[in-house]
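Report on the following structure.
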Amino acid sequence: QVQLVESGGGLVQAGGSLRLSCVALGSIFSINAMGWYRQAPGKQRELVAIITSIGRTSYADSVKGRFTISRENAKNTVYLQMNSLKPEDTAVYYCNADLYRYGSSEEYDYWGQGTQVTVSS
């Protein structure tokens, strides 16, 4: 079994910073892309940032220059450093990973349980 465990959410004032972490646990052979998505109340889930296994990154326009995604492959962990936070960044943030499990040739898509980020004005 595989699970993604997120941490680091919370309440912060506008202009502040938070760092989210997500570790993939279980019988994992390798991980391809890892990413962060978010969903605000009444809105669809949207991509925030994604990072490939070789470190290529892509960001939503709304977070470029403020958020940084990184990963530690040896720890099966992805991070999201969020700076200059705005009230519109308030959402539940979800970790995502595309990975291969031991004993299977299929690529699986896993999601974390979500962590709340609230930015007050």
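Residue-by-condition table, conditions (1) open to solvent by 50 Å² or more (accessible area, probe 1.4 Å); (2) closer than 18 Å to GLY112 by Cα; (3) not charged (D, E, K, R):
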site	(1), (2), (3)
GLY15	yes, no, yes
CYS22	no, yes, yes
LEU25	yes, yes, yes
ILE28	no, yes, yes
GLY35	no, yes, yes
ALA40	no, yes, yes
VAL48	no, yes, yes
SER53	yes, no, yes
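Restricted to segment 68-120, and to residues there that are at pLDDT below 95 and hydroxyl-bearing (Ser, Thr, Tyr), the residue that is nearest to TRP36 (Cα to Cα) is TYR108. Within segment 68-97, being among the hydroxyl-bearing types (Ser, Thr, Tyr), in a strand (DSSP E or B) and either open to solvent by 20 Å² or more (accessible area, probe 1.4 Å) or farther than 17 Å from VAL23 by Cα (or both) holds for THR68, SER70, TYR79, TYR94. If we scan segment 31-40, do we find a residue that is aliphatic (A, V, I, L, M), under 12 Å from the mean Cα position of the chain (by Cα) and at pLDDT 95 or above? For segment 31-40, residues aliphatic (A, V, I, L, M), under 12 Å from the mean Cα position of the chain (by Cα) and at pLDDT 95 or above: present. Scanning segment 79-121 for residues that are closer than 16 Å to ARG66 by Cα, charged (D, E, K, R) and more than 15 Å from the chain's Cα centre (by Cα) gives LYS86, GLU88.
Among the residues of segment 7-23, are any on the phi > 0 side of the Ramachandran plot, in contact with a strand residue (DSSP E or B) (Cβ under 8 Å, 6 or more places away or on another chain) and modelled with pLDDT of 95 or more?
Applying the first criterion (on the phi > 0 side of the Ramachandran plot) to segment 7-23 yields 8, 10, 15.
Imposing the further condition that a residue be in contact with a strand residue (DSSP E or B) (Cβ under 8 Å, 6 or more places away or on another chain) reduces the set to 8, 10.
From the residues that got through so far, the ones that are modelled with pLDDT of 95 or more too are 8, 10.
Among the residues of segment 7-23, at least one is on the phi > 0 side of the Ramachandran plot, in contact with a strand residue (DSSP E or B) (Cβ under 8 Å, 6 or more places away or on another chain) and modelled with pLDDT of 95 or more, which makes the answer yes.
For segment 20-37, a residue qualifies if it is in contact (Cβ under 8 Å) with a residue 60 or more places away in the chain, out of contact with any helix residue (DSSP H, G or I) (no Cβ under 8 Å at 6 or more places or on another chain) and assigned to a strand (DSSP E or B), and the qualifying residues are LEU20, CYS22, ALA24, GLY26, ILE28, PHE29, SER30, ASN32, ALA33, MET34, GLY35, TRP36. Screening the candidates TYR110, TYR100 for the property of being surrounded by fewer than 18 Cβ atoms within 10 Å (Cβ to Cβ), part of a strand (DSSP E or B) and touching a residue at least 24 places away in the same chain (Cβ under 8 Å) yields one hit, TYR100.
The values are calculated or read from the model by the stated rules, or taken from the named source; none is laboratory data. Because the structure is a prediction, the values reported are computed rather than measured. Positions of Cβ are backbone-derived with ideal geometry, glycine not excepted, and every protein chain shown enters the neighbour counts. Accessible surface areas use protein heavy atoms only, side chains included; no ligands, DNA or RNA. Shrake-Rupley method; radii C 1.70, N 1.55, O 1.52, S 1.80 Å.
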